[in-house]
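The values are calculated or read from the model by the stated rules, or taken from the named source; none is laboratory data. For clarity, every value in this text was computed on a predicted model and none was experimentally measured. Cβ: placed from backbone, ideal geometry, glycine included. Neighbour counts: every protein chain shown.
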Amino acid sequence: MPLTENHVTFWKSLRITDPECDIHNRIKLGFILRHLQEISGEHLDALGYPNEKLYEIGQGFFLSKIRLEIFRRPESGEILRWQTTPLPPSGVQFIRKNEIFDASGSLVLRSDSLWALVDLHSRRILRPSAFPGSLSFGETFSRDRLSALRIHIPADMKNASLPPAWEREIRFSDLDINRHVNNAAYADFVMDVLPDEISLKKEPEELLISFHNEACLHDRLSVSCFQGTPVSWYVSARTEQLCFEASIRFKE
């Protein structure tokens, strides 16, 4: 799991396993996000700043936005090359570009993500200069790519009072080391709340998630969804406050 020669991009090979796949034998969106989170942490490990070292000084990285493009969803048994590159920060946001290639070298998945460095005690967002190490960065993140991370929900839909499609209490198994629901779980929530004729038969092409507030132990999460176009859906979830918003688009 090496760094490239310029120490900017980190990569590893990873085999997709059966438990990570859905009824179509393709990797679930939640597991894609889990691997993207994992390789980001492994990159920091390789630079000498593992999560444990950050926790000692009361810091942690929280995902704030992600855009996942799905050109082909890999199947169980495939060995993929996962690579991650940090890009220059925008304001208080750290930026990562991730690209995933199959054995033939074809790009199958791509994501851009924004991360916040957070004081774990106060939950206050810190400036990038507070990071104790040094990062080398790839190319500058363009305005178009930054704009593509925004979820554009039509005003009439965003302001509509929609009944929740389902509700659940956050339990122990939902929590990660930061004592909140891990960001990858929200991709599973998105797929679970969609109508069966969509989740069972349609193939996802793009997923955007914007994270607003944490969901913690015993919070009651209410998830709503509504259709934007024949191939796109919007999903939101809240406890006493908005937790996340998402949009997902499927192939025609």
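I'd like to check which strands (runs of 3 or more DSSP E) are fully inside region 173-252 and have at least 1 residues that are β-branched (Val, Ile, Thr), surrounded by fewer than 21 Cβ atoms within 10 Å (Cβ to Cβ) and free of Cβ contacts under 8 Å to residues at least 24 places away in the same chain.
On the way: elements: 204-211, 220-229, 232-238, 242-250.
Filter on region 173-252 gives 220-229.
Going residue by residue through region 65-85, is there one that turns out to be at pLDDT below 95 and either of a type in the set (A, V, I, L, M) or in contact with a His (Cβ under 7 Å, 6 or more places away or on another chain) (or both)?
no
Looking at the structure I just gave you, is Ala215 touching a Pro at 6+ places or on another chain (Cβ under 9 Å) and modelled with pLDDT of 90 or more? It would help to see each step written out before you state the result.
Numbers: touching a Pro at 6+ places or on another chain (Cβ under 9 Å): no; modelled with pLDDT of 90 or more: yes.
Here the answer is no, as Ala215 does not meet what is asked.
Would you check which residues across region 94-151 are closer than 17 Å to His212 by Cα, surrounded by 11 or more Cβ atoms within 10 Å (Cβ to Cβ) and charged (D, E, K, R) and list them?
Residues satisfying the conditions are Asp119, Arg123, Arg150.
Residues in region 82-104: is at least one out of contact with any Ser or Thr (no Cβ under 9 Å at 6 or more places or on another chain), within 30 Å of Leu200 (Cα to Cα) and of a type in the set (Gly, Ala, Ser)?
For region 82-104, residues out of contact with any Ser or Thr (no Cβ under 9 Å at 6 or more places or on another chain), within 30 Å of Leu200 (Cα to Cα) and of a type in the set (Gly, Ala, Ser): present.
In region 214-231, is there at least one residue being touching a Leu at 6+ places or on another chain (Cβ under 7 Å), closer than 23 Å to Gln37 by Cα and not assigned by TED's automatic domain parsing to the domain that holds His24?
Step one: filter region 214-231 for residues touching a Leu at 6+ places or on another chain (Cβ under 7 Å), giving 215, 217, 224-226.
Imposing the further condition that a residue be closer than 23 Å to Gln37 by Cα reduces the set to 215, 217.
Right, trim to not assigned by TED's automatic domain parsing to the domain that holds His24 and you get 215, 217.
Within region 214-231 (the criterion being touching a Leu at 6+ places or on another chain (Cβ under 7 Å), closer than 23 Å to Gln37 by Cα and not assigned by TED's automatic domain parsing to the domain that holds His24), the answer is yes, since at least one residue qualifies.
Would region 91-107 turn up any residue that is in a loop (DSSP other than H, G, I, E, B), over 25 Å from Ile27 (Cβ atoms) and polar (S, T, N, Q)? If you could, list the steps in order and put the result at the bottom.
Going through region 91-107, the residues in a loop (DSSP other than H, G, I, E, B) turn out to be 91-92, 102-106.
Subsequent filtering for residues that are over 25 Å from Ile27 (Cβ atoms) retains 91-92.
Imposing the further condition that a residue be polar (S, T, N, Q) reduces the set to none.
No; the residues of region 91-107 include none that is in a loop (DSSP other than H, G, I, E, B), over 25 Å from Ile27 (Cβ atoms) and polar (S, T, N, Q).
If only one of Arg72, Arg34, Arg67, Arg26 is charged (D, E, K, R) and exposed (fewer than 15 other Cβ atoms within 10 Å of the Cβ), which one is it?
Numbers: Arg34 fails: exposed (fewer than 15 other Cβ atoms within 10 Å of the Cβ); Arg67 fails: exposed (fewer than 15 other Cβ atoms within 10 Å of the Cβ); Arg26 fails: exposed (fewer than 15 other Cβ atoms within 10 Å of the Cβ).
Answer to the selection: Arg72.
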